[in-house]
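Here the structure comes first, spelled out in structure tokens, and everything after it is commentary.
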Amino acid sequence: MSNSTVRFMQGNEALVEGAIVAGARFFAGYPITPASEITEGMSARLPLVGGVFLQMEDEIASMGAAIGASMAGGKCLTATSGPGFSLKQEGIGIASMMEIPVVIVDVMRGGPASGMSTLPSQMDVMQARWGCHGDHPIIVLSPATVTECYELTIKAFNLSELIRQPVILLSDAIVGHLRERIELPDPSTVKIINRKMTDKPPEEYAPFAAGEDAVPFFAERGTAYRYHMCSNVHTEQGFPADTNNEVAAKLITRLHRKLENYADEITCYQFFGPKDYDVLIVSYGCVTRAAKDAEKVLNEEGKATAVLQLQSLWPFPRAIVADYAARAGKVLMPEINLGQLIDQVRLATDRPVEGLNRCDGAEITPRQIIEKVREM
Amino acid sequence: MRNEVILSGFGGQGLILAGVLLAEAAVVHEGINATQDQVYGIAARGGECCSEVIVSNEGDINYAKVTTPDIVLAMSQAAFNKYAPRVKEGGIIIIDTVFVEDTSALDGHDCEVIPLPITAISQEKAGRTMLANVTALGAICERTKLIQNQNMIDEILERVPRGTEEINRKAFWGGVEAVQALETGR
């Protein structure tokens, strides 16, 4: 029998618990509202489990420290919000190119720039996909509840290790600061994935020679295994080959193929509502909470409505959205931005897709969604 | 039953903590559902502060912003003017008369106003104004029965720094007794 514990926790606190259970033993960061509780929580928890906490001089340095510690073998977390997330982009690109597992949390607040420090938004959705330059793959997960903060953090670490890939956990000020009931499972029942290690002898080991799943193998640090890593286009030995067209094409397509191979493991979503519906509300993050309340009221009124909550945002789960949208007459996409992920939904379906947007630092309310759907 | 509560005043009065304690008591000690959220600006101390709590035994709480509160605690004049008029018809407003003198913002509203010198009670019973938030919790629980008094004080004692249990007890029961005295006096 497993023992779960009922707790009353904040989203950011649950995220810390998830990271510890997932095996994170290193955190480097710089505090920023509304992500500071993660930094605070990791500083309290890590020393108790033999981990290392570093408050760095800024977000660039903390991203670098997290990458470095991961290269040395540890599971690493860093957390920030919009302005800090901008600064971390260069490092995210490096982690992507050098295939370094690391989890980056962005608790979204209102932007642009220092924007609205204490107020929520969903304005970094496209930045999470394309914030750093180059044709890089990325995984982005987005929680809507305190429980999901815990579960998706564990999933982020597992995917990061499995695919050797930076994973972004895109939370927001509402979910991060909200406190609610959570049932924490017995940690021994939680599935944890660790990076795969080579079984080749040191003289045959090439750090970027991939397995059948397109993911290369790690080797134990501080042993006879030679290891070279480089953010230029590189050979399987890890040395620069940035004028070699063939090596470049092979490497960059492989980086993307890793995610394609594990698409089923990455993709996650939830569906709420009746089997037959006229309007499908596609949501992610905090807006899901308002959408679920609206769905209940609308169905009671006789307006058949369902909610598709996207928990994995990138790679965009196009097939899932296409499937659920095909069963609806119309689609509504509420977002706390001026319309970012809606374009992906439009690409996924031929059904008419309308947006419901705000950018004033306030949440989208159930009332707004109800009124909008009534008009549709 | 679903109850929406606003605890409002200025930064430094411990209202966010009070909201956390109230909601945690519901979840951990009463086994029902609750959420807590807050609104604050960049400079928290002395600025406007509002802690929002929803307590429900009707399943999930999704959207967790309080729109029309059943219960409002106002511990500053500005907070009273802003939040008290939002109260639901027939709702309850508890005011700290040390800070709230003018209740004209509520003129024409159908609700019950409970005037208590919360900060003065905290000073008198516990020897410090700092525990006004705990006194307010006593008043809220006694008047609304949102959380049973014993569950609330158990929750408070689990969370406060060691060595402060006695003054927290005094502050809490001070709030309870003030409401009882008011009701007896009627």
By the mean-Cβ-within-10 Å protection proxy, highest first, A:345-354, A:221-230, A:331-340 rank as A:331-340, A:345-354, A:221-230
For region B:1-131, the Cα convex hull volume per residue in Å³ comes to 107 Å³
Row for region A:31-155, column shape: gyration tensor on C-alpha, a ≥ b ≥ c, rounded if a/c < 1.5 i.e. under 1.5, prolate if a/b over b/c, else oblate; value rounded
Scalar couplings 3J(HN,Hα) for region A:186-191 by Karplus 6.51 cos²θ - 1.76 cosθ + 1.60 (θ = phi - 60°), nearest whole Hz, x for Gly and Pro, are 4, x, 6, 9, 8, 6
Output row, site A:E300, 7 Å Cα→C-beta label point, backbone N cut-off 16 Å, window region A:337-366, residues A:366
Placing one equal point scatterer on each C-alpha of the protein assembly as shown and summing with Debye, one gets log10 I(q)/I(0) at q = 0.10, 0.12 Å⁻¹ equal to -0.87, -1.16
HN-Hα couplings for region B:71-76 via Karplus (6.51, -1.76, 1.60; θ = phi - 60°), in whole Hz with x for Gly/Pro, come out as 9, 10, 9, 10, 10, 8
Taking Cα pairs closer than 8 Å and at least 6 residues apart, the relative contact order of region A:269-375 in percent is 32 percent
Interchain or sequence-distant (5+) residues whose placed amide H lies within less than 5 Å of the amide H of B:C111 are B:G90
Total charge of the residues flanking A:E151 in space, meaning their Cβ is under 12 Å from its Cβ, with Lys and Arg +1 and Asp and Glu -1, is -1
Note on chain A: contact order normalised by length, alpha-carbon pairs under 8 Å, 6 or more apart, percent, works out to 16 percent
In the protein assembly as shown the DSSP beta bridges are antiparallel at a rate, in percent to nearest 5, of 40 percent
Contact order relative to length for region A:128-231, counting C-alpha pairs under 8 Å separated by 6 or more residues, stands in percent at 23 percent
Placing each pseudo-label 7 Å from Cα in the direction of the beta carbon, B:M1 and A:R254 end up separated by a distance in nanometres of 6.5 nm
Whole-Hz Karplus couplings 3J(HN,Hα) for region A:298-312, θ = phi - 60° and coefficients 6.51, -1.76, 1.60, Gly and Pro as x, run 5, 5, 5, 6, x, 9, 5, 9, 9, 10, 10, 8, 7, 9, 9
So for R0 = 35 Å, FRET eff. of B:D102-A:R358 from the Cβ-Cβ r, to 0.05, ends up at 0.55
Which of A:K292/A:K330; A:K275/A:K296; A:K275/A:K330; A:K155/A:K196; A:K75/A:K200 exceed 20 Å between C-alpha atoms? The answer is A:K75/A:K200
Taking max minus min of the Cα coordinates of region A:269-375 on each principal axis, largest first, gives extents in Å of 34, 34, 22
A chain fully extended from A:H133 to A:Q368 at 0.36 nm per residue, minus the present Cα-Cα distance, gains in nm 80.9 nm
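Since every read-out is calculated from the coordinates, none of them should be taken as a lab result. On a predicted model such as this, the values are computed, not experimentally measured, just so you know. As a convention, Cβ positions derive from the backbone with ideal geometry for all residues, glycine included, and neighbour counts pool all protein chains shown.
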